[in-house]
Amino acid sequence: MKNVTIFDHPLIQHKISILRNKKTSTNEFRQLVEEIAMLEGFVALSDLPLTDKEIETPIEKCTTQVLAGRKLALVPILRAGLGMVTGVQSLVPSARVGHIGLFRNEQTHEPEEYYCKLPKTLADRIVVVLDPMLATGGSAVDAIAMIKKHGGKQIKFMCIIAAPEGLRCLHKAHPDVQIYVGHLDRGLNENAYICPGLGDAGDRIFGTR
Ligand code: PRP
Ligand code: URA
């Protein structure tokens, strides 16, 4: 699938296996989500443009490369996406952070919006949407539609676990978005939870189970 990267890096797979274990503590879970986000972000941001800059080292003058003007916006989907922010922020500390609040209706599994605050200059930025779980795809599809409505043009979506149904749905709705998936799982159960998955990511990050 064009614009889709499914990671096979052993460090990411190892950390996801620990996340899946129901015995993993909230503290360790949160730490691992942050680490996986950083590892995924390292690859997802490998196409950031560079520009030449003249500097002087203690030895001599030289031309070296720095990130070009294109700025970043990170947009976590609340709540669980919040767990991925600091991992990516540690790579690009100057990134602005917007927030989109969506929760899945437990009966219909459809996302319902309750919050949206995005940086003003979205059109000039590379927007990285963060959510550990891509299940039916409804939340990611709606969040990205909101970002586009606010002017977002170059958009990346990073998740830790995806179901094939959600990946197909997101790719179909937004084929221009670059999607990064830590692991592609088997599918969804009758409650639209990812199998084998890791349970409810928001509850496990914030200890609200
Ligand atoms: C979870 C998850 C995604 C969404 C994925 O959030 O963090 O946002 O479900 O499901 P979908 O692909 O079927 O839309 P949830 O609605 O449980 O809210 P929470 O993060 O506040 O727990
Ligand atoms: N949201 C989660 O947190 N987990 C799932 O498996 C599906 C949606």
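Structure summary
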read-out: Test: residue in segment 48-71 that is under 23 Å from Tyr180 (Cα atoms), of a type in the set (A, V, I, L, M, F, W, C) and crowded, with 18+ Cβ neighbours inside 10 Å; value: no
read-out: Index of the failed condition, Ser94 passing every other in (1) part of a strand (DSSP E or B); (2) more than 27 Å from Asp185 (Cα to Cα); value: (1)
read-out: Among (1) touching a Ser or Thr at 6+ places or on another chain (Cβ under 9 Å); (2) within 17 Å of Met158 (Cα to Cα); (3) surrounded by fewer than 14 Cβ atoms within 10 Å (Cβ to Cβ); (4) not charged (D, E, K, R) - the single one Ile77 does not satisfy; value: (3)
read-out: Residue ID - farthest from ligand 2 (Cβ to nearest atom), chosen from residues in segment 148-173 that are closer than 12 Å to Val129 by Cβ and among the basic types (Lys, Arg); value: Lys148
read-out: Extreme residue, surrounded by the fewest Cβ atoms within 10 Å (Cβ to Cβ), among residues of segment 187-209 that are away from ligand 2 (no atom under 11 Å from the Cβ) and either touching a residue at least 12 places away in the same chain (Cβ under 8 Å) or under 17 Å from the mean Cα position of the chain (by Cα) (or both); value: Gly207
read-out: Subset of segment 147-161 that is closer than 18 Å to Arg104 by Cβ and touching a residue at least 40 places away in the same chain (Cβ under 8 Å) - its residue that is surrounded by the fewest Cβ atoms within 10 Å (Cβ to Cβ); value: Ile161
read-out: Cβ pairs under 6 Å, 6+ apart, first in segment 132-146 and near ligand 1 (Cβ under 6 Å from one of its atoms), second acidic (Asp, Glu) and modelled with pLDDT under 95; value: Gly138/Glu110
read-out: Failed condition for Glu165, given (1) touching a residue at least 40 places away in the same chain (Cβ under 8 Å); (2) farther than 15 Å from Ile77 by Cα; value: (1)
read-out: The lone exception for Ala37 - which of (1) away from ligand 1 (no atom under 15 Å from the Cβ); (2) surrounded by 12 or more Cβ atoms within 10 Å (Cβ to Cβ); (3) among the aliphatic types (A, V, I, L, M) it fails; value: (1)
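Okay, residues lined up against (1) among the hydrophobic types (A, V, I, L, M, F, W, C); (2) within 12 Å of ligand 1 (Cβ to nearest atom); (3) under 21 Å from Asp8 (Cβ atoms):
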site	(1), (2), (3)
Tyr114	no, yes, no
Ile126	yes, no, no
Leu130	yes, yes, yes
Lys149	no, no, no
Gly152	no, no, no
Ile160	yes, yes, yes
Ala163	yes, yes, yes
Leu184	yes, no, yes
Gly197	no, yes, yes
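The values are calculated or read from the model by the stated rules, or taken from the named source; none is laboratory data. Keep in mind it's a predicted model, so treat the numbers as computed, not measured. Every residue, glycine among them, receives a Cβ derived from its backbone with ideal geometry; neighbour counts consider all protein chains shown.
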